Each structure stands twice: as structure tokens, then as C-alpha cells.
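Structure first, commentary second.
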Amino acid sequence: MVDCPGATGLYTYQLAEHLKVKPGDVLSVPFGSQQLGAIAVRLLSEQPDQLQSAQIRTVDTLISAGFFTASYWQLLERLAAHYQTPLIQVIRTALPPGLLAKSKRRIRLASQPDSSRLSQLTDSAQQLLSRLQQSPTADYSWRYLQKQSRTAYRDLQQLLQQGWVESYLATPRPPRPKQQQAVSLVAHDPCLADLTRRQQEILAVLQRHGGDCWLSEALQLCRTTATTLKGLAAKGCLIIESREVLRTTHGAQGDRDRPKTLTSHQQAALAAINPLSGFASVLLHGVTGSGKTEVYLQAIAPILQAGCSALVLVPEIGLTPQLTDRFQARFGDQVCVYHSALADGERYDTWRQMLSGHPQVVIGTRSAVFAPLPKLGLIVLDEEHDSSFKQDQPIPCYHARTVARWRAELENCPLILGSATPSLESWLQVKGAEAEETSRGGEAEREPAEKSSESDERQGGQKITDPKATTPPATGSPSQLPRSPLPHSLYLSLPQRIHTRPSPPIEIVDMRRELGVGNRSIFSRTLQRSLQAMQDAGNQGILFIHRRGHSSFVSCRSCGYVIECPRCDVSLAYHQPHSQARPTLKCHYCGHAQGHPAACPECGSPYLKRFGSGTQRVVSELAKQLPDLRCIRFDSDTTRTKGSHRALLSRFAQKEADLLVGTQMLTKGIDLPQVTLVAVMAADGLLYMSDYWAAERTYQTITQVAGRAGRGDQPGRVIVQTYTPEEPTIVAIEKQDYAAFASAELAQRKALGYPPYGRLVLLRLSSLDAIAVEHTAEKVAIALEKDYLSELVSERDYTILGPAPAPILRVAQRYRWQILLKLTLGVALPDIASLRQHCPDRVSFAIDVDVLNLF
DNA sequence: AGCACGCCGACT
DNA sequence: GTCGGCGTGCTC
């Protein structure tokens, strides 16, 4: 199976004598004019009839062996089928990047331009040429140049034809084990007489250090040169050889930590988990600070003892240095970290190390669900409600929670889902009908929310193909709803914090009343007083804002013009630079950045005003109102560089600041005992992002930040500022009643047929060509209804919404359209992958099964 | 993805 | 009659 889009089916290759290949091995093979990655599927004893010997080419190299076990193949096939993705794409995501390398087409300046053919060039071709001539290497990938402008393709054709540039195929270079020179003393006593005094000294030093080390270390140790050591090697006193070295970074080896005494709830949970031997899905519902990590650690210990490995999945590794530290402190170098931010080489080495089968714990993000651990004994998915477990680009758009469940089933091992705020999906799975019990009141109040989510579906001039959709969608057919918990599922609860610390109360502050009494600040009076009190007591606090940057947009006071991104249909956000540098405007979608203009680009008025409040704005407002308060900003602007999370957090932990001001990142796995105050600036901001699960996300996010308060000896306090305190989600947050929130929200979802009572499948189309996407989307929607749904699915079990432009039509110069398909739960999704045939090359097409992000 | 092939319109 | 654009199909 070759890694080439459009090459469906299998191809036959020959093996050279010396190459031993088994099914599942990763290979590099010639294919057409290029060199591609491929997977060996089966070995043939004789040549297939329909092929002639001359047609069969020879496998080039064996890249990696022994990776696929039978259950692993099943996992990948299940993924391909469920997410409607070609199997090779799934294999691609499971392998470390670069392993399935292919030859790349590149462009370089012609060494000897064919002067006989040089003629007129268009302006854009000339521009491209001068760019190439000015660059130091004059060598770019074909793909990169194509992306530079709309006319790049034509320009390159012109330059190629006229002999200015030449194209060539660079051979693929899959990652390889890193080699390093090592020095080791030979066993026998060398004949000292033949050696100079300096040489004898060097041997003595090496001897004292164990007689075996890296060459670079030896040079430092003995203060000598490589030539000298080579001389010794020539005399037979030592051996210099290349040895494999793993590029894995092991965390700081601090003090080894011992298992902690457990609370009674922790003990009960562990007593339920430890006896599990086969597949089981456990929802560990532990309030923030209840000690879930300790349960994971003690659940994993016996697995390692039994010679098996464990997989721990977390939302974002950079955000949880404390978690990895704790695992490393407990299990030492049996722990390795695997995620996409690793350098390709590191990732490759870690991956190969996992194949070895040594008992180990792999901690990683979404993609680590594919970790090739041969003897898997347990999977833990921490913060299981977190949406970063869902991939929305590129295909396969898989959810690590779903894949982890399949994997646990196939490997026949337990799966632990941990969260303080479980996803409604997981909640329903363990609670069944119990989850849907009507909550105490609140039902009627939710009416407005229902209306808004209905109209959201049609925003942006959405065209409805299906007349059914103009009437309220069919309510879910009751027979298909889960009435009882799924088999093999278990609910375990940690309702109390460790050390019997109370969970902090949550105070809701009505910002409309603040305005009413003349407080126009973004900080309520309660918050101002609490900040002051916190500082006076020498405590620390966290301020949560759901948006980074300074203001969300910049607008002209004279003409109302809003400065927008030239590449996307969004306004640019204002960013205050650190020092005296010029303020900048940034696009949060494509990364475009530009200077802040002195005057309105539209009318020339100098009066530009910033609206909305991000982290920077809050920090500068704080500086005005509470000048003594020291703040650290914690968002993706200040934490972009490697290790900066850890650096900022440890500065805060060492009390270099009183207040941590930040975004979503604050909600995840931070344990700071000195924090007594947590404030949420505007809870509504989260609710307004109105997709069907905005309420769920709001509840989760706010509860998670609130959980950062009062983790030390002193009690915590949580203040949530809002303009809509009567909003049911806010009320549920105040009461800290997850079950009530869940049943009210589930009732909503049920009525509208949304997940987890229905399925959503999103077809995304995008192109540089605005007209082409729109036409293609129309064609695809019609084909979807006509060729797939109308024949295979009963009419009341599906609804097609769209095609419609994406809520933000243009991002990074690409126009995006989408078609949303809503299915009744339990109805099989027909194989719609072949819809791709309706898309011309310039329109890209993706199927997102069980979508979360509707943007 | 990359390349060859073949059809069709514009030009000598 | 020929050149070159672009859509189509194949690659073991």
C-alpha cells in the first residue's frame, strides 16, 4: 500500500535477495517518477498473472519493521471506517512524522540558463524570479512556492519553460537513529612501554571514569584532542566506535516520590480499578483538587510490575509540566513523553523505544493514543472533557477518547476517563437514564437558549436544501436513546478535596448593577476589594479572561471602519508590545501581523479606538487601578517559546507576582497552593460563542478555573463577573451542581437531536477560488442527498443543513463552505467518502465525523 | 503528487 | 498545420 493520494489499491513489488520484509513493515518504494513511503501488506510466493516481470519494480529500503500487531491493524481499520478516511492516511497519523517520507519536488535557479530560450516574462514571473535570485540558496520546495501567490503556478511554468529555473526530485530522507562517537578502553592491560606519558595519563583518567564514555565527554575529561585519542586507538589501547544515542529528553531527575496515603474515596476508587483485568471504561469524576493524579499513579504501579505498559493522555503537554514531573518522580526513567511538539528526531527515537516492549508509562497528547506499546495494560485519559482531544485538521478528524476506547477494547485493558467536569457524552454513558432525570426546576428558563441555537444554524445566509429543516428538527426517537449505562462502564466519584479542604464557594457578580451604580471599570467593586484584601494578606490570585491580546478589535471613531485581516474575514486584535516598540495588530486565525496605523485607512481620521478586553488590556487597567499589584500575563502570546510555561509558573510560584492573568491555559492542570482568589472577568464571553455545546464548555471552563483556588492551607474564593446572572448555565455554576446542569442540558440536546442524542457530520470545503468552492459545495450537497442519504437512510433520520459559508468565510486567503449532516443516533452513516469525486483539484474536501468545532 | 497523453482553441 | 493550454488517467 503506497502513500499516494489517488493510488487506491495494492501494488506488487520485488524484494532484493538480502531484504527480509514482513507484512506491516514500512518501506520506501519507487512509484512513477518518485520515491514513496509504503506498507507491506502481504507476501506473494509467485508473480500475479496480470503483471509482466518488466512492470514489477524493486523495494528500495526497509524503513521500520515489527510495528503492526493484529489488534493495532484492527484499530487503524476501525478508524479508517468510522472517520471515512483512506487507511493510508490513518497509518500516516499513527506513524511518527517523516517515516513515510516521499521524494519532494523542488525548484532551484538553473545553473546555466539556456540563453537561446530566454524571452519575455510576465511581471509576476519576474517578481518570483528576482525573489529566487535574492535568496541565499535559491532553492525552494515546489509546494512552498505554489502557496505564495495565486499566479505562482503559471509563473513557475513560465520560468521552467524559459530555462530560468529547473525542477528536481529530492530523495526522501526518513529519520534515522542518531549516531555518536563513543570511547571504550580495551579489556587487556596495554603495553605501557610503547606509550608516552601524556597517553598514559589519559588512559588513567578514562580508567577512573569507568573506561567507557562518549568521545565528546572524554575530550573534556582529559583536556585532549580527538587526534590524540585516535592515536591511542591505533595503538590498540581503546576503541572508538559509533553508537546509537536516544534523543529523548528526560525531565529533571528530582527527588523520588513515594506513594501517598489515600483518602477513603481515593481508596475506594483504586479498589474498584485494580482488580479490573479486561476491558472496562471507568469515569473517574473527581472535583478539582481531589487527587485524581495519585489514583492514576497507584493504578499504574501494579501494571508496570506485571511487565505491561500504560498510556496516559493529556490535553496539552506543555500545560501540564506538573503532571509529567510527578510521573517522573514516581516512575523515574520508565516515563517518556510523546507529543507533536517534539523535534522529529526525538519523536522518532521515543517511538522506537516504545516498540522495544519494556514496561513503561507514555504520557502524551492526542496523537499518543497511537503509541506502539506491545503490552498495553491501562489507558488513562485525563481531563477527558477537553476538546483538544478532537482533531479537526487534517483528516482523520478523530477523537482520542473514542480511539482510546476502541484501543482498550482491542487490547482488552481498562480505560480510565478522568475529569472534574465530565463531557455529557461520557456522563450519559455511565449514568444512562439516571442522567436525564429532570433537574430541580430551571427547565422552563432554558427556552430562549433553545431559540438561539436554532437560529445559529442558519446564520450567514445559509441555504437550506432540506425543507424539513425549516420546521423544528424531529425530536429524537426515544427507542434509540441509552436507557441504562453501557456495559463494562463504571462510575467512580471523588467528591471531596484531599486534606478535607473545602471547595471554594462561587460568587456571581452582576456587572449590570455595577454600571447602574456608576462603576464603569471592568472590575466590579467586589473584585477590587478582594484583590486588595488578597494582596494585603500576602496571597496570590488568578484572573481569567477568555481572550488573548489587548482589545478584540480596533475601530475608527469617525467612520466606524474596523481594521480587518487582509487574508481572513475577521477583525485584527490589538497587541501592546513589551517595551516602547510600536503597537501591533494581529490576526488570531492566520497569524498575520501588521503595525498599528496612525490614522484610519478609510477616512484618515486619527481617532482610532480599541474595543473589547483581552489579557493585555486587563493588565494595563490593573496597573492603573491597583498600581502595587504585580501581574504575570499567561496566554499564548507570552508562552509561545519552549519552556516558557514552566518558567512563568515557577516565577509565580516563587511569589515574584501576586496575580496571574491569563486565558484558557490557566484551566488546565495547574496546582498552585498559594492561590486563594480566582476571578472570571466576563463569563458571558464564553456563552456567546454559540454552537450547540457552548453551555457545556462554559460550565467546564469556569468550574476548572474556579478549581485553582484554595488548594493550599487557606480557603479559596471565586468571583465570576457576568452580564447575565440569570442564565441557567451561570446559575448551575454558582450552585456547583454538575448533575443538575447535566440533566437540564441533556434534556435540551435530546429535544434538538444534538449529540450525544444525535450525530453531527460536517463536510468542509475550501479553496482559494471563491466561486469554485460555492459551486462544488452545491454539487456535493445535492449528491449527498440524492446518491447516499435518500436511498439508505429513512427521511426522518437525517437533516442536511447547508451548504453554507463557514461562520468566518475566509481564513488565510481560503474561502470555506460547509455542509452539516445531522443523523439520528444509532443510524449508520453511509460511506460518503466517495463524494470527493465531485471536487476538482483546487477545492479541498474533508469529512469531519462527530464534529465539535463548527467554525 | 507528478507526469504523460490527448483534446481543443489560437496562431503562422 | 502547429503550438501550447488544460482535463484525464496511471503509477506495481
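For region A:421-429, the condition holds for no residue, the condition being that it is modelled with pLDDT under 90 and of a type in the set (Val, Ile, Thr). Annotation note: Cβ proximity below 9 Å between a residue of region A:8-30 that is under 8 Å from A:Leu62 (Cα atoms) and among the hydroxyl-bearing types (Ser, Thr, Tyr) and a residue that is open to solvent by less than 100 Å² (accessible area, probe 1.4 Å) and more than 16 Å from DNA strand B (Cβ to nearest atom) (sequence gap 6+ or interchain) occurs for A:Ser28/A:Val59; A:Ser28/A:Asp60; A:Ser28/A:Thr61; A:Ser28/A:Leu62; A:Ser28/A:Ile63; A:Ser28/A:Pro174.
Number of residues in region A:760-803 that are surrounded by fewer than 17 Cβ atoms within 10 Å (Cβ to Cβ) and among the β-branched types (Val, Ile, Thr): the value is 2.
Elements of the type strands (runs of 3 or more DSSP E) sitting completely within region A:489-562 and holding at least 3 residues that are open to solvent by less than 60 Å² (accessible area, probe 1.4 Å), free of Cβ contacts under 8 Å to residues at least 40 places away in the same chain and touching a helix residue (DSSP H, G or I) at 6+ places or on another chain (Cβ under 8 Å): there are none.
Among the residues of region A:785-836, which ones are among the polar types (S, T, N, Q), closer than 21 Å to A:Val570 by Cβ and part of a strand (DSSP E or B)? Selection gives A:Gln818 alone.
Can you say whether A:Asp114 is of a type in the set (Asp, Glu), at pLDDT 85 or above and within 16 Å of DNA strand C (Cβ to nearest atom), as far as the supplied structure shows? Judged against the criteria, A:Asp114 is not a match. Residues of region A:252-292 being open to solvent by 30 Å² or more (accessible area, probe 1.4 Å) and within 28 Å of the chain's Cα centre (by Cα), which ones? Within region A:252-292, A:Ala252, A:Gln253, A:Phe279, A:Val287 meet the criteria. Pairs linking a residue in region A:658-683 that is without any contact (Cβ under 8 Å) to a residue 40 or more places away in the chain to a residue that is not charged (D, E, K, R), with Cβ atoms under 6 Å and 6 or more positions apart or on different chains, do not occur. Restricted to region A:129-185, the set of strands (runs of 3 or more DSSP E) holding at least 1 residues that are away from DNA strand B (no atom under 14 Å from the Cβ) comprises A:139-141, A:178-185.
Restricting A:Leu666, A:Leu677, A:Leu672 to those that are in a loop (DSSP other than H, G, I, E, B), under 28 Å from A:His499 (Cβ atoms) and of a type in the set (A, V, I, L, M) reduces the list to A:Leu672. Before we move on, is A:Ser130 surrounded by fewer than 16 Cβ atoms within 10 Å (Cβ to Cβ), away from DNA strand C (no atom under 16 Å from the Cβ) and at pLDDT 75 or above? It is true that A:Ser130 is surrounded by fewer than 16 Cβ atoms within 10 Å (Cβ to Cβ), away from DNA strand C (no atom under 16 Å from the Cβ) and at pLDDT 75 or above. Only a single item in (1) open to solvent by 50 Å² or more (accessible area, probe 1.4 Å); (2) of a type in the set (D, E, K, R); (3) in contact with a Cys (Cβ under 6 Å, 6 or more places away or on another chain) is not met by A:Arg836, and it is number (3).
Hey, does region A:78-94 have a residue that's surrounded by 15 or more Cβ atoms within 10 Å (Cβ to Cβ), at pLDDT below 80 and touching a strand residue (DSSP E or B) at 6+ places or on another chain (Cβ under 6 Å)? No, because not a single residue in region A:78-94 is surrounded by 15 or more Cβ atoms within 10 Å (Cβ to Cβ), at pLDDT below 80 and touching a strand residue (DSSP E or B) at 6+ places or on another chain (Cβ under 6 Å). From the list A:Arg57, A:Arg42, the one residue that fits, being surrounded by 10 or more Cβ atoms within 10 Å (Cβ to Cβ) and either more than 8 Å from DNA strand C (Cβ to nearest atom) or modelled with pLDDT of 90 or more (or both), is A:Arg57. Only a single item in (1) more than 21 Å from the chain's Cα centre (by Cα); (2) surrounded by 18 or more Cβ atoms within 10 Å (Cβ to Cβ); (3) modelled with pLDDT of 80 or more is not met by A:Arg630, and it is number (2).
Yes/no per residue for (1) open to solvent by 20 Å² or more (accessible area, probe 1.4 Å); (2) within 25 Å of A:Trp73 (Cα to Cα); (3) in contact with a Cys (Cβ under 8 Å, 6 or more places away or on another chain):
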position	(1), (2), (3)
A:Pro302	yes, no, no
A:Leu311	no, yes, no
A:Asp333	yes, no, no
A:Ser356	yes, yes, no
A:Pro359	yes, yes, yes
A:Gly364	no, yes, no
A:Val369	no, yes, no
A:Glu383	yes, no, no
A:Pro394	yes, yes, no
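Counting only strands (runs of 3 or more DSSP E) that sit wholly inside region A:1-120, those with at least 1 residues that are among the aromatic types (Phe, Trp, Tyr), within 16 Å of DNA strand B (Cβ to nearest atom) and more than 21 Å from A:Trp406 (Cα to Cα) are A:26-31. Picking from residues in region A:133-157 that are open to solvent by less than 40 Å² (accessible area, probe 1.4 Å) and within 12 Å of DNA strand C (Cβ to nearest atom), the one that is farthest from A:Arg108 (Cα to Cα) is A:Asp155. Only residues that are more than 13 Å from A:Thr122 (Cα to Cα) and modelled with pLDDT under 75: list them for region A:144-160, please. The answer is A:Gln146, A:Lys147, A:Gln148, A:Ser149, A:Arg150. Across region A:517-550, the qualifying residues are those that are at pLDDT below 85 and among the small types (Gly, Ala, Ser), and the one among them that is nearest to A:Gln664 (Cα to Cα) is A:Gly549. Of all residues assigned to region A:683-696, at least one qualifies as being at pLDDT 90 or above and on the phi < 0 side of the Ramachandran plot. Restricting attention to region A:190-208 and to residues that are in a loop (DSSP other than H, G, I, E, B) and surrounded by 13 or more Cβ atoms within 10 Å (Cβ to Cβ), the residue that is modelled with the highest pLDDT turns out to be A:Leu195. Hey, among A:Gly24, A:Gly6, A:Gly37, A:Gly66, which residue is away from DNA strand C (no atom under 12 Å from the Cβ), surrounded by fewer than 18 Cβ atoms within 10 Å (Cβ to Cβ) and under 29 Å from the mean Cα position of the chain (by Cα)? Going through A:Gly24, A:Gly6, A:Gly37, A:Gly66 in turn, just one is away from DNA strand C (no atom under 12 Å from the Cβ), surrounded by fewer than 18 Cβ atoms within 10 Å (Cβ to Cβ) and under 29 Å from the mean Cα position of the chain (by Cα): A:Gly66.
The values are calculated or read from the model by the stated rules, or taken from the named source; none is laboratory data. Everything numeric in this text was worked out from a predicted model, so none of it was measured. All Cβ positions, glycine included, derive from the backbone under ideal geometry; neighbour counts span all protein chains shown. Side chains are part of the model used for accessible areas, which takes the heavy atoms of the whole protein and leaves out ligands, DNA and RNA. Shrake-Rupley method; radii C 1.70, N 1.55, O 1.52, S 1.80 Å.
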